[in-house]
Amino acid sequence: MAKVQLNRATKRKHNIIGYLFLAPWLIGFLVFTAFPFFYTIYISFHSVTVTGLGIEYKFVDLINYINALFRDTYAWGTVTFPQTILELIMNLIIFVPTVTIISLILALLLNQNIKGRGILRTIYFLPVVILSGPVMSQFMNAGASNVEGVDHVFVYRIIWNYSPDLAEALDILFNNFSLVLWFTGIPIVLYINGLQKINRQLYEAAQIDGATSWQALWKITIPIIKPIALIVAIFTIVQIGTSPLNPTQWIIDTVMANRTTGQGKAAAYVWIYSLVMLGAIGLAVLLLRDRSKDEVFVDIRSKQDIRIARIIRRTKIKRLLNPKTFKQTFKELREEKKLKKQREKEALLGADKEEG
Amino acid sequence: MDVVINFFKNAYSKIHQIFNSQKLRRIKDFTRHRLIGFNLTDGIIYKLCVYIILISISYIYIYPFARMVSYSFMNLNDLLDPTIKWIPKNPTIDNFIVVLRVLKLPTFDLSHFTSFDAFGKWLGSWGQSSIWNSTWFSLVLALCQTLVSALTGYAFARYEFAFKKFWMTMMLLSFVIPISLLMIPRVMMFSRFQDITGIKVMGTVNPQIIISLFGQGIYSTVLIIIFTNFFKMIPPVLDEAAKIDGASTLQVFYHIIIKMSISTITVVLLFSFVWNWNETYITSLFLGSGMATLPRQLGMFDTLFGQNAGTGPGGEPVNMGETYRMAATFITIFPLLIIYAFAQRKFIEGIEQTGITGE
């Protein structure tokens, strides 16, 4: 939305009415999301006892975290929390890229001009509506989610001989292949929506210049579709967190079930898990963020300008840090600021005059 | 020699002529263009490949559901018989009758239809069933979520208030925070409230309704984004015209904005309903054993039938509870299947309307 110049009265009105409409969500956000977020940080460093009379906090340093990472075991000593965290990371590494890529491929195929597209789309979107945690685990238990017989394939044997880790990753992938596909429901729709917004003329221009469709895919489609890939990746990470693919959940649940003394401990567990998830999202943002915004200035001169400005900034910081030259630099900087302000004022006045 | 060479020369030129004749060339070009196309992407071969890939992948999508339907009508003999792959020899509905009891649904019996009273009682028993619980609970939560998301979306779409950008980023970030992180203090808050005031809150539906009413329900960020982007598309001139005619802000909101976005509201309601129906984690923490919902009853199956493993004829382990499980899954999914059958277009439109793919 374009920025509209508002006078003071309408500004005030916008503030009041805007916040009135926002109020329910805002209160909910502060009470049920922002407060819990910081509160769990607080209690994860405490031993918390909940009684009918009140809640007692005792500061225990990092003991909750140390217990979670090194001491506690579950399922009669066979499972530790770090193991499940590693499993979760493994699942994230395997599933997030595959879902992002496979759904892109499916979207590209579904975006072709073919008959029966609607029916196919309906089938591909079906899992989004139907699948809940219990339903998913029922299917997984019934073995209805795996592609059978992968370990008999010759190529798989070769890979296994070459690197067992990679083979194991492939094994997990194919054992849950339906699961991968079930996650692709919403991503496919997002991708198709993005694909249809790409200007057809771009492809025509590329064709006239002699580009094949393969080249057009890599040079036109994928750069434009990249921001959507980021949304898809984040969405997939969040979905995996709430699915049976998240092996840490049952440990967190068992710790949380102790309502009187377990809450501080549970907070530590949950924070370790959350850091992994947030880290994964951060990584996705780093890998898939839109870099085209940084490369707006392409000609050599503007690049040089940017570099010169960077060097000047650096020298200024160096001089500021040096106590001998600090005072003088500070003065210079202040004068520069004043000059800048003056120039802006003059520019504004000039603009007003032109309008008048 | 000459005769032989001439013969070959003639033959060669004849063949050359035939191959280069106008007709043949036209046929050749025609088939080539049909099969491969001018650009590879518009030929039959390419389309055939696309169809093969898409249909074979959709087979993997449908496979579990087909398996489910097939298993749920089998009896134990059919399940153990290796010759039966898909269609059971003697299909039964016994599985469903057993499963109805476990899922806390009214059992199906012919005696209910003998008299009017019995039928009335049978109808009444649906009121306590898990399917009824699930339905009204999800519907109430969905209505709360829709209302608050519409209000919030309107604020974000129309008003330029202070810190707007900040709250918008906060809204987007709240989607990313893992839900189990927030659940510890939420549960503590409500149980503390219960201790102080003596009003029973835990084990009832109230906590979730309150949380949804304050816009923190499941995936509410997505719903708010859908509303914000739709409201932005309604021209502000309409609001101004109504205001000049003397409408108050609430009147504008109700008579213009809400009435214009009925289709978006249905989309949001559908999504919210389905998500709340499928939600089990938050529900299990707040409701505990207070009220049975359908997906949670399905989750109980693991404890009931999980250990019922036997040995098949080939020596491989066979899970005897498989037929029951699949029947139960079928029943749990069934209401959603009906909704999807009627409103599948709305669902896909809804995701397209979010506009998070960039305008």
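Compactness ratio of segment A:300-355: Cα Rg over 2.2 N^0.38 Å, N = residue count?
Dividing the Cα Rg of segment A:300-355 by 2.2 N^0.38 Å gives 1.56.
Treating only the Cβ atoms of Lys and Arg (+1) and Asp and Glu (-1) as charged, compute the dipole magnitude of segment A:301-345 about its Cα centre; round to the nearest 20 debye. Walk me through the numbers on the way to the answer.
On the way: 19 positive and 5 negative charges, 16 e Å.
With Lys and Arg at +1 and Asp and Glu at -1, about 80 debye.
Can you give the FRET efficiency for A:Q112 and A:K316, using 1/(1 + (r/R0)^6), R0 = 51 Å, r = Cβ-Cβ distance, to the nearest 0.05? Intermediate values should be presented prior to the final figure.
On the way: r = 56 Å, r/R0 = 1.10.
Step by step, r from the Cβ atoms, then E = 0.35.
Helix-derived [θ] at 222 nm for the protein assembly as shown: sum -39500 (n - 2.57) over DSSP H runs of at least 4, divide by residue count, nearest 500?
Values: 34 runs with 491 residues, N = 715.
For the protein assembly as shown, the value works out to -22500 deg cm²/dmol.
If neighbour count is taken as other Cβ atoms inside 10 Å, put A:D72, A:D165 in order from fewest to most.
Values: A:D72 15, A:D165 11.
Ascending Cβ contact count within 10 Å gives the list A:D165, A:D72.
Over chain B, one equal point on each Cα, no solvent: what is log10 I(q)/I(0) by the Debye formula at q = 0.10, 0.12, 0.13 Å⁻¹?
Taking Cα atoms of chain B as identical point scatterers yields -0.89, -1.11, -1.20.
Please work out the Kirkwood hydrodynamic radius for segment A:193-243, using every pair of different C-alpha atoms, and report it in angstroms with one decimal place. Before the final figure, lay out the partial values.
On the way: mean 1/r = 0.0801 Å⁻¹.
Result for segment A:193-243, one decimal place: 12.5 Å.
Below 15 angstrom from the Cβ of B:F193, what's the summed charge of the other residues (Lys, Arg +1; Asp, Glu -1)? Don't skip to the end; give the middle numbers.
Working: positive: A:R259, B:R186, B:R192, B:K200; negative: B:D195.
My count for the surroundings of B:F193 gives +3.
What percent do you get for the relative contact order of segment A:163-262 when only Cα pairs under 8 Å and 6+ apart count?
Numbers: 23 pairs, mean separation 26.2, N = 100.
Reported relative contact order: 26 percent.
Note the angle between two axes, namely the Cα long axis of helix B:22-35 and the longest principal axis of the Cα atoms of chain B, as a number of degrees from 0 to 90, rounded to the nearest 10.
Tilt relative to chain B: about 20 degrees.
Using 5 Å bins from zero, what percent of all Cα-Cα pairs in segment B:6-116 falls into each bin?
2, 9, 9, 9, 9, 8, 7, 6, 6, 6, 6, 6, 5, 4, 3, 2, 2, 1, 1, 0, 0
Kirkwood Rh over alpha-carbon pairs of segment B:124-293, then Stokes-Einstein at 20 °C and 1.002 mPa s: what D in µm² s⁻¹, rounded to an integer? Working shown, then result.
Details: Rh = 17.7 Å.
After rounding, the answer is 121 µm²/s.
What residue among A:Y124, A:W271, A:L86 has its Cα farthest toward the positive end of the dipole of segment A:69-293, where the charges are +1 on Lys, Arg and -1 on Asp, Glu, each on the Cβ?
Comparing the listed Cα positions along the dipole, A:Y124 ranks first.
Taking amide H positions as placed 1.01 Å from N in the peptide plane, with prolines and chain starts having none, which residues 5 or more places from A:H46, or on another chain, fall under 5 Å of its amide H?
Under 5 Å from the amide H of A:H46 lie the amide H atoms of A:V60, each far enough along the sequence or on another chain.
Please compute, for peptide A:40-47, the average count of beta-carbon atoms on other protein chains lying within 10 Å of each residue's beta-carbon. Please list the in-between numbers first.
On the way: counts 7, 1, 1, 3, 1, 0, 0, 0.
Counting Cβ atoms of other protein chains within 10 Å of each residue's Cβ and averaging gives 2.
Skipping prolines and chain starts, which residues have an amide H placed within reach, meaning under 5 Å, of the one on A:V79, given they are 5 or more residues away or on another chain?
A:Y74
Could you list which residues have their amide H under 5 Å from that of A:T261, counting only those 5 or more apart in sequence or on another chain, with H placed in the peptide plane?
Correct list: A:V50.
Per residue of B:344-351, how many C-beta atoms from partner chains lie within 10 Å of its own C-beta, taken as a mean? Present the calculation step by step, with values, prior to reporting the outcome.
Numbers: counts 7, 3, 0, 8, 12, 1, 2, 10.
Mean shielding by partner chains, rounded to a whole number: 5.
Which of B:F30, B:F253, B:F65 moves most in a GNM of chain B, Cα contacts under 10 Å?
In this elastic network of chain B, the residue with the biggest mean-square fluctuation among B:F30, B:F253, B:F65 is B:F30.
Using only Cα atoms, find the angle between the long axis of helix B:262-278 and the longest principal axis of chain B, and express it within 0 to 90 degrees, rounded to the nearest 10.
For B:262-278 against chain B, the angle is about 80 degrees.
Beyond 39 Å, what percent of the Cα pairs of the protein assembly as shown remain? Don't skip to the end; give the middle numbers.
Details: 127013 of 255255 pairs.
So the pairs more than 39 Å apart make up 50 percent of the total in the protein assembly as shown.
Once the dipole of chain A is set up with Lys and Arg at +1 and Asp and Glu at -1 on Cβ about the Cα centre, which of A:V31, A:G54, A:N322 lies farthest towards its positive end?
A:N322
Can you tell me the orientation of helix B:130-158 relative to chain B, as the angle in degrees between its alpha-carbon axis and the longest Cα principal axis, to the nearest 10?
Long axis of B:130-158 versus the principal axis of chain B: about 80 degrees.
Gaussian network model of chain B, Cα springs within a sub-10 Å range: biggest mean-square fluctuation belongs to which of B:T264, B:T280, B:T169?
B:T169
Please arrange A:L245, B:L123, B:L213 by counting, for each residue, the other beta carbons lying within 10 Å of its beta carbon, fewest first.
Working: A:L245 22, B:L123 11, B:L213 18.
Ranking A:L245, B:L123, B:L213 by Cβ neighbours within 10 Å, fewest first, gives B:L123, B:L213, A:L245.
From the phi of every residue in segment A:64-73, what ³J(HN,Hα) in whole Hz does the Karplus formula 6.51 cos²θ - 1.76 cosθ + 1.60 yield, where θ is phi - 60° and glycine or proline is x?
Karplus values, whole Hz, x for Gly and Pro: 4, 5, 4, 4, 4, 8, 10, 9, 6, 10.
So if the hydrodynamic radius of segment B:54-107 is defined as the Kirkwood radius over C-alpha pairs, what does Stokes-Einstein give as its diffusion coefficient at 25 °C and 0.890 mPa s, in µm² per second? Don't skip to the answer; put the middle values down first.
On the way: Rh = 12.6 Å.
Here the translational diffusion coefficient equals 195 µm²/s.
Arranged by the count of other C-beta atoms within 10 angstrom, fewest first, what order do A:L348, B:L182 take?
Details: A:L348 10, B:L182 24.
By the 10 Å Cβ count, ascending, the order reads A:L348, B:L182.
Is any helix in chain A, taking whole DSSP H runs, at least 30 angstrom long along its axis by alpha carbon and on average at least 1.0 on the Kyte-Doolittle scale, and which ones?
Working: long enough: A:81-110 (41 Å, 2.10); A:263-288 (36 Å, 1.63); A:300-321 (32 Å, -0.49); A:326-355 (44 Å, -1.73).
The qualifying helices are A:81-110, A:263-288.
For segment B:111-195, with only Lys/Arg (+1) and Asp/Glu (-1) charged at the beta-carbon, what is the dipole magnitude about the Cα centre, in debye rounded to 20?
Working: 6 positive and 3 negative charges, 61 e Å.
For segment B:111-195, the charge dipole is close to 300 debye.
Mind checking the mean number of beta-carbon atoms from other chains within 10 Å of the Cβ atoms in A:113-123? Let's see the in-between values first.
Working: counts 4, 5, 2, 3, 1, 3, 1, 6, 4, 7, 9.
So the per-residue partner count for this stretch is 4.
Rounded to two decimals, what is the ratio between the C-alpha radius of gyration of segment A:69-293 and 2.2 N^0.38 Å? Walk me through the numbers before you get to the answer.
On the way: Rg = 20.6 Å, N = 225, 2.2 N^0.38 = 17.2 Å.
Relative to the rule-of-thumb radius for its length, segment A:69-293 sits at 1.20.
For segment B:92-98, take each phi angle, set θ = phi - 60°, evaluate the Karplus expression 6.51 cos²θ - 1.76 cosθ + 1.60, and give the result in whole Hz per residue in order, putting x for glycine and proline.
Rounded to whole hertz, the list is 10, 10, 4, 3, 5, 5, 5.
Quick one: compute the contact order of chain B, relative version, from alpha carbon pairs under 8 angstrom and 6+ residues apart, as a percent.
Numbers: 312 pairs, mean separation 84.0, N = 359.
Computed over chain B, the figure is 23 percent.
Using Cα pairs under 8 angstrom and six or more residues apart, how large is the relative contact order of segment B:124-293, in percent?
The normalised contact order for segment B:124-293 reaches 44 percent.
Distance from the Cα centre of segment A:15-55 to that of segment B:18-94, in angstrom?
Here the answer is 54 Å between Cα centres.
Only the coordinates and a few stated rules stand behind these numbers; no lab work does. What you see is a predicted model, and the numbers here were worked out from it, not measured in a lab. Note that each Cβ is placed from the backbone with ideal geometry, even for glycine, and that neighbours are counted across all protein chains shown.
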